[in-house]
1. Any chance you could count how many residues in region 29-47 are under 12 Å from the mean Cα position of the chain (by Cα) and surrounded by fewer than 16 Cβ atoms within 10 Å (Cβ to Cβ)?
2. Within region 54-67, identify whether any single residue is of a type in the set (A, V, I, L, M), within 12 Å of the chain's Cα centre (by Cα) and open to solvent by 50 Å² or more (accessible area, probe 1.4 Å), and answer yes or no.
3. Could you give me the residue pairs with C-beta distances under 8 Å whose first residue belongs to region 88-100 and is at pLDDT below 95, whose second residue is assigned to a loop (DSSP other than H, G, I, E, B) wherever it lies, and which are 6+ apart or on separate chains?
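The values are calculated or read from the model by the stated rules, or taken from the named source; none is laboratory data. Treat the numbers as computed from the prediction; the structure is a model and nothing was measured. Heads up, the Cβs are rebuilt from the backbone with ideal geometry, glycines too, and the neighbour counts pull from every protein chain shown. Accessible surface areas use protein heavy atoms only, side chains included; no ligands, DNA or RNA. Shrake-Rupley method; radii C 1.70, N 1.55, O 1.52, S 1.80 Å.
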Amino acid sequence: MFFAILAIGIITTSCSNDDDGPTTAGLTLDLTGLEELGSDYVYEGWIIVNGAPVSTGTFTSVTFPQIFNVDVTQLANATKFVLSIEPAVDPNPEPAPTKI
């Protein structure tokens, strides 16, 4: 069902006009090979910060690149990016077991 992800491009850019510096940064995902999941599921991106998952947002479109606003400090401290498949209505705030 899933094609291999051929490329992940992560580019951070400032997305805030705060005088004290940006509070968010743009996380750009440029993925290849993802299939549409239908109406029951969504993709959710996660950055791993200090060993804990932090959601970068959900998406259903497989047209890339896509940009997600993420806390700049968390993004700077992230050590990994993980992509999961989640139920469209998800009562659990943790990443689902299905990861790509």
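1. Initial filter on region 29-47 (under 12 Å from the mean Cα position of the chain (by Cα)): 29-31, 42-47.
Cutting the leftovers down to surrounded by fewer than 16 Cβ atoms within 10 Å (Cβ to Cβ) gives us 30.
The total comes to 1.
2. Here is the first cut: in region 54-67, the ones of a type in the set (A, V, I, L, M) are 54, 62, 67.
Going one step further and asking which of them are within 12 Å of the chain's Cα centre (by Cα), we end up with 54, 67.
Filter again for open to solvent by 50 Å² or more (accessible area, probe 1.4 Å), leaving 67.
Checked region 54-67: at least one residue is of a type in the set (A, V, I, L, M), within 12 Å of the chain's Cα centre (by Cα) and open to solvent by 50 Å² or more (accessible area, probe 1.4 Å).
3. From region 88-100, the pairs are D90/A96; I100/F2; I100/I5; I100/L34.
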